[in-house]
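Since the structure comes first, as structure tokens, the remarks are kept for the end.
The values are calculated or read from the model by the stated rules, or taken from the named source; none is laboratory data. The structure presented is a predicted model; accordingly, all values stated were derived computationally and were not measured. Here the Cβ is made from the backbone with ideal geometry for all residues, glycine too, and neighbour counts use every protein chain on show. The protein model used for the area step is the full one, side chains on, heavy atoms only, and it has no ligands, DNA or RNA in it. Shrake-Rupley method; radii C 1.70, N 1.55, O 1.52, S 1.80 Å.
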Amino acid sequence: MEFFKNIGKIAYEGKNSTNPLAFKYYNPDEVIDGKTMREHLKFALSWWHTMGGDGTDMFGCGTTDKTWGKCDVTERAMAKVDAAFEIMQKLSIDYFCFHDRDLSPEYGSLAETNAKLDAVTDYIKAKQDETGLKCLWGTAKCFDHPRFMHGAGTSPSADVFAFSAAQIKKALESTVKLGGNGYVFWGGREGYETLLNTNMGLELDNMARLMKMAVEYGRSIGFTGDFYIEPKPKEPTKHQYDFDTATVLGFLRKYGLDKDFKMNIEANHATLAQHTFQHELCVARTNGAFGSIDANQGDPLLGWDTDQFPTNIYDTTMCMYEVIKAGGFTNGGLNFDAKARRGSFTPEDIFYSYIAGMDAFALGFKAAQKLIADGRIDKFIADRYASWNTGIGADIIAGKADMAALEKYALEKGEVTASLSSGRQEMLESIVNNVLFTL
Ligand code: XLS
Ligand code: CA
Ligand code: CA
């Protein structure tokens, strides 16, 4: 059955098109640097927002019908698959991301829940074989049910830890079955509300234990992709352990998990940590831990996780600049962890939202490429650090200078302010504008 009868396959019509149901910048088959845009950008649909999110918020019920014509939840789970594949095909999106419970809800027992999930993943697998659509990553929803009120891997209850492990085991099996290249840990309730009731050391040790078990089990069933941690500083807990990329790197290294884990960086989570999106990507890249991206944006006037579709070209440009510098995506991609606003409640809004986000990233990708090809920024940075290429700078890098040698050098040299040059921030910002607005 076709769910969106009034909407055909979304075509690329170019930047002068005024058709709201057409791409202006995303031309999936355009070849750039030997790869098509769809291969560079690796867009993914998020099953939770797109197939399940109905606009419910803290102050009101849903505004958008996401029942897919079925009252029965088991039938609905199957209808969601049909609708998701229709959306992906119509939008030329090659990947999807899922939580286990987005695909199929919880039933009376874990055994029944698992059996029902198997039926849905069987159906998805058949549709994948038919269409060639792929899974970017999977994850387990270990934060929704009341049993996770104090966390999953960091719960004070060993029973909850065991239940979480069982759920993650099944989510890993489902990810492998669907050919996913990534498995995400987002620590929704892995944090605390007050230290008055919290053993932080034990909670972090336990989280690492769970991740180690997941890696061992995943590798044993043939998962060769990346494990990701998705940093977020807060919400729903007051303080989440995976605060930001730098914090997560410290955790991974402490527990010897850094070989298997990379980052899944979400724009809105960067903002909540009071970083820019580019900062988080750059920290990951410079530490060899860049993996995948949850593409969205927050609202600068709101302090929470609004998960809006990304439309800010400056941000998508600087994001893709980091992605290109990281060598592009390998196992990762651009997952639209984004939802249409509660007031954008019609079926067409799903398409308008994705078109807006995909065009913003296509344009950002082209702008980033142009910025790199232009070379002015890279040259400025290289020149700014030129003192490290020769003389005392080269000696320091080569390990040939110790504290005594540097003291001798400084005493002989005298005042060094004259060796500094301007940071030229404004000039550089105007170069970015110049590149962006002459595309
Ligand atoms: C919530 C997170 C979540 C993860 C997957 O804020 O973004 O959706 O991406 O569990
Ligand atoms: Ca996310
Ligand atoms: Ca989010």
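Some notes on this structure:
- Of everything in the range 10-33 that is open to solvent by 60 Å² or more (accessible area, probe 1.4 Å) and more than 25 Å from the chain's Cα centre (by Cα), the residue that is nearest to ILE355 (Cα to Cα) is PRO20.
- Failed condition for LYS212, given (1) of a type outside the set (A, V, I, L, M); (2) within 14 Å of ligand 1 (Cβ to nearest atom); (3) touching a Gly at 6+ places or on another chain (Cβ under 9 Å): (2)
- THR154 passes every criterion in (1) within 16 Å of ligand 3 (Cβ to nearest atom); (2) open to solvent by less than 30 Å² (accessible area, probe 1.4 Å) apart from (1).
- Long-range neighbours under 6 Å by Cβ, at least six apart or interchain, first residue farther than 13 Å from PRO310 by Cβ and among the charged types (D, E, K, R) within the range 262-275, second more than 10 Å from ligand 1 (Cβ to nearest atom) and outside any strand (DSSP E or B): LYS262/ALA289
- Matching residues, the range 226-235, being open to solvent by 40 Å² or more (accessible area, probe 1.4 Å) and on the phi < 0 side of the Ramachandran plot: LYS234
- Which numbered condition LYS262 misses (of (1) open to solvent by 10 Å² or more (accessible area, probe 1.4 Å); (2) over 12 Å from the mean Cα position of the chain (by Cα)): (2)
- Residue match in the range 208-225 (condition: in contact with a Cys (Cβ under 7 Å, 6 or more places away or on another chain), open to solvent by less than 50 Å² (accessible area, probe 1.4 Å), touching a residue at least 12 places away in the same chain (Cβ under 8 Å) and not hydroxyl-bearing (Ser, Thr, Tyr)): no
- Residues that are surrounded by fewer than 19 Cβ atoms within 10 Å (Cβ to Cβ) and either within 12 Å of ligand 1 (Cβ to nearest atom) or small (Gly, Ala, Ser) (or both), drawn from the range 280-304: GLY288, GLY303, TRP304
- Looking only at residues in the range 318-336 that are open to solvent by less than 10 Å² (accessible area, probe 1.4 Å) and within 17 Å of TYR228 (Cα to Cα), the one that is nearest to ligand 2 (Cβ to nearest atom) is ASN335.
Matching residues to (1) within 16 Å of ligand 3 (Cβ to nearest atom); (2) over 25 Å from ILE87 (Cβ atoms):
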residue	(1), (2)
PHE290	no, yes
LEU334	yes, no
LYS339	yes, no
TYR352	no, no
ALA367	no, yes
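- Listed conditions (1) in contact with a Pro (Cβ under 6 Å, 6 or more places away or on another chain); (2) open to solvent by 20 Å² or more (accessible area, probe 1.4 Å); (3) under 29 Å from MET37 (Cβ atoms) are all met by PHE243, apart from (3).
- Single condition PHE277 does not satisfy, out of (1) within 14 Å of the chain's Cα centre (by Cα); (2) among the hydrophobic types (A, V, I, L, M, F, W, C); (3) open to solvent by less than 10 Å² (accessible area, probe 1.4 Å): (3)
- Listed conditions (1) within 26 Å of the chain's Cα centre (by Cα); (2) touching a residue at least 40 places away in the same chain (Cβ under 8 Å); (3) part of a helix (DSSP H, G or I) are all met by GLY151, apart from (3).
- Verdict on LEU136 being more than 16 Å from ligand 2 (Cβ to nearest atom) and either hydrophobic (A, V, I, L, M, F, W, C) or within 22 Å of the chain's Cα centre (by Cα) (or both): no
- Residues of the range 57-67 that are over 17 Å from ALA84 (Cβ atoms) and surrounded by 13 or more Cβ atoms within 10 Å (Cβ to Cβ): GLY62, THR63.
- For LYS238, the criteria (1) more than 16 Å from ligand 1 (Cβ to nearest atom); (2) open to solvent by 60 Å² or more (accessible area, probe 1.4 Å) hold in every case but one, which is (1).
- Residue satisfying all of: in the range 34-53; under 27 Å from ASP349 (Cβ atoms) and more than 16 Å from ligand 3 (Cβ to nearest atom); surrounded by the fewest Cβ atoms within 10 Å (Cβ to Cβ) among these: ARG38
- A search for C-beta distances below 6 Å between a residue of the range 342-370 that is more than 16 Å from VAL31 (Cα to Cα) and any residue that is at pLDDT below 95, counting only pairs 6+ apart in sequence or on different chains, returns nothing.
- Among residues of the range 307-327 that are on the phi > 0 side of the Ramachandran plot and at pLDDT 95 or above, those with a Cβ under 7 angstrom from a residue that is surrounded by 21 or more Cβ atoms within 10 Å (Cβ to Cβ) and basic (Lys, Arg), sequence gap 6+ or separate chain, pair up as ASP307/LYS339.
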